Amino acid sequence: MERYKYLIIGGGVAGITAAEFIRLNDEEGTIAMVSDEPCLFYSRLMLSKPAFFLGKVPFENVWLKKQEWYDEKKINYISGKKAVKLEAKAKIVTLDDGQQLSYDKLLLALGTEARRWTVPGADKQGVHYLRDLNEGKGIIAGIKTAKKGITIGGGFISFEMAELLKLAGLETTTIIRESYYWEPLLDETSGKMIEAALTKNGIKVIKNTEVREVIGDDKVAGVTLKDGTKLDCDLVICGLGTLTDLDWLKKAGLKTNRGILANEYLETNLSDVWTAGDVAEFNDLILGATVQLGNWANAREHGRISGLNMVGKKEPFKFVSFYTTQALGMSVTFVGEVRPSEGKKIITRGLAEINSHARILALNGKISGATLINRTSELNAISKLIEQNFRVAGHEAELGDPSFDLKTLVAKV
């Protein structure tokens, strides 16, 4: 059994960044990294960009680390293996091939997996997801011959992939079960603005329904909706959210909820075990709440903080997370915590009529997050207001005025 001072489960941006900061502070401590993907570190951000799928960007640009980097940092990179068992007291992790690794300090940066479609026929050739490079390759191959495509779900993946399919020349349809796009994370005004962008670009949007069955022999030939309507297609991309298998960790005594529970130092309830990235459900000191955020910027900062804390620095995580996407001539930005919940006050600024709309969310009197449609320029100001615990009382009119410069409020703090 091999023993490592630092063992990292997960080869994505959180794990990679943690390894970088561990090595910056500990030049000799042994490090092993386990990834369930059979490849080196690559850009997941690029997987959602049409230019990559359409071959306008060289495929080689997806790689962010070469083997030489792992060798230089003295990291034993174990690819194509999955951790399946944790013995916390003995400090042993078992992989799916039976190999056992012993550790002094452990980081769980597992990431998340794409939620799989469970309707009859969902296993047919031509049904795709977008969570890893292998799935991305399948979409690249599929769009070369497909004529009609369908995206399932009303979120980032479906929004970005609908644009891809249209740019690839496919007749494109988006199917959502909600009454408007991105419900309930966005308000109806924002959702309908996104729908307008989709339809303006020739993409059909079907709401308030679900697919009952995927039809065809081995390959997708179409779908049947719940009301019996049949739609022809030869390619489907699913964006149904994400999940993570936590059962093997629960058996080890790890506390979990939707993700792995952690404090502001990203420490779990188990001794010498940290977590980072999309799977971490952590105590956010800025928002004053336990949150789970799934985006690249958040995962990278998680990696930095967890790496520092694993070498004994004891630094809390304080970062305003954000995610921005651009497609179909529209920008959509989420900053901070934007999940609707009881007690949150919502202030709107902008109008759908001018194709510019934002919602600022406040919890306990302080700004906690915002959603921005074609107002990405306000991202920095709102991030600073969240970071500085800006109180909305007395400033409702200014926050709701789309012509008011939010940077003025930042200067007052």
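Bear in mind these aren't lab numbers, they're just calculated from the coordinates by the rules spelled out. The structure presented is a predicted model; accordingly, all values stated were derived computationally and were not measured. Reconstructed Cβ throughout: ideal geometry from the backbone, glycine too, with neighbour counts over all protein chains shown.
Some notes on this structure:
- For region 8-37, the list of GluC sites (Glu not before Pro) that fall in a loop by DSSP and count at most 10 other C-beta atoms within 10 angstrom reads E27, E28.
- For G369, the amide hydrogen comes within under 5 Å of the amide hydrogens of E337, L361, counting only partners 5 or more places away or on other chains and with H modelled in the peptide plane.
- Taking all Cα-Cα distances within region 309-413, those exceeding 20 Å account for 39%.
- Positive minus negative residues near G29 (Lys, Arg vs Asp, Glu; Cβ under 12 Å): +2
- For the chain, the share of DSSP beta bridges that are antiparallel, to the nearest 5, is 55%.
- Amide hydrogen proximity for T242: with H placed 1.01 Å from N in the peptide plane, the residues at 5 or more positions away or on another chain lying under 5 Å are R115.
- The Rg/Rh ratio of region 116-238, with Rg taken over Cα atoms and Rh as the Kirkwood radius over Cα pairs, comes to 0.94.
- Taking only alpha carbon atoms, the chain gives an Rg to Rh ratio of 0.98, where Rh is the Kirkwood radius.
- Dipole magnitude of region 1-149 about its Cα centre (Cβ charges: Lys, Arg +1; Asp, Glu -1), debye to nearest 20: 760 debye
- Whole-number percent relative contact order across region 116-238, with pairs defined as alpha carbons under 8 Å at least 6 apart: 34 percent
- Averaging Cα coordinates gives a centre for region 187-226 and one for region 93-147; these two points are 23 Å apart.
- In this structure, the amide hydrogen of I215, modeled 1.01 Å from its nitrogen in the peptide plane, lies closer than 5 angstrom to those of A221, G222, V223, T224, counting only residues at least 5 positions away or on a different chain.
- Phi angles across region 95-111 convert, under the Karplus curve 6.51 cos²θ - 1.76 cosθ + 1.60 with θ = phi - 60°, into 3J(HN,Hα) values of 9, 5, 9, x, 5, 10, 10, 9, 9, 8, 9, 10, 10, 9, 10, 6, x Hz, Gly and Pro given as x.
- Karplus (6.51, -1.76, 1.60) ³J(HN,Hα), θ = phi - 60°, over region 170-184, in Hz, Gly and Pro reported as x: 8, 5, 10, 10, 10, 10, 10, 8, 7, 7, 7, 5, 6, 6, x
- Loop GluC sites (Glu not before Pro), region 314-413 (other Cβ atoms within 10 Å of the site Cβ: 16 or fewer; DSSP): E342
- Using a cutoff of 8 angstrom between alpha carbon atoms and counting only pairs six or more residues apart, the relative contact order for the chain works out to 15 percent.
- Listing H128, H395, H302 from fewest to most neighbouring C-beta atoms within 10 Å gives H395, H128, H302.
- Gyration tensor (alpha-carbon) shape descriptor, region 125-166, a/c threshold 1.5: oblate
- For the chain, modelled as a GNM whose springs connect Cα atoms under 10 angstrom apart, the maximal fluctuation among K56, K66, K250 occurs at K56.
- DSSP beta bridges confined to region 116-238 are antiparallel in about 30 percent of cases.
- Of L351, L108, the sequence from fewest to most neighbouring Cβ atoms within 10 angstrom is L351, L108.
- Mean-square fluctuations from a GNM of the chain, with a 10 angstrom spring cutoff on Cα atoms, peak among G350, G55, G15 at G55.
- Distance between region 368-409 and region 263-318 - C-alpha centres, whole angstrom: 26 Å
- Here the 3J(HN,Hα) profile of region 56-61, calculated from phi with Karplus coefficients 6.51, -1.76 and 1.60 at θ = phi - 60°, is 7, 10, x, 4, 4, 5 Hz, Gly and Pro shown as x.
- For the peptides 219-226, 92-99, the ranking by mean Cβ contacts within 10 Å, running from highest to lowest, is 219-226, 92-99.
- Highest-MSF residue in the chain out of I386, I176, I354 [GNM, Cα springs under 10 Å]: I354
- Shown for D278, D227, D284, D234: other C-beta atoms within 10 Å of each C-beta, ranked fewest to most, produce the order D227, D234, D284, D278.
- Value of relative contact order over region 276-413, rounded to a whole percent, pairs C-alpha under 8 Å and six or more apart: 18 percent
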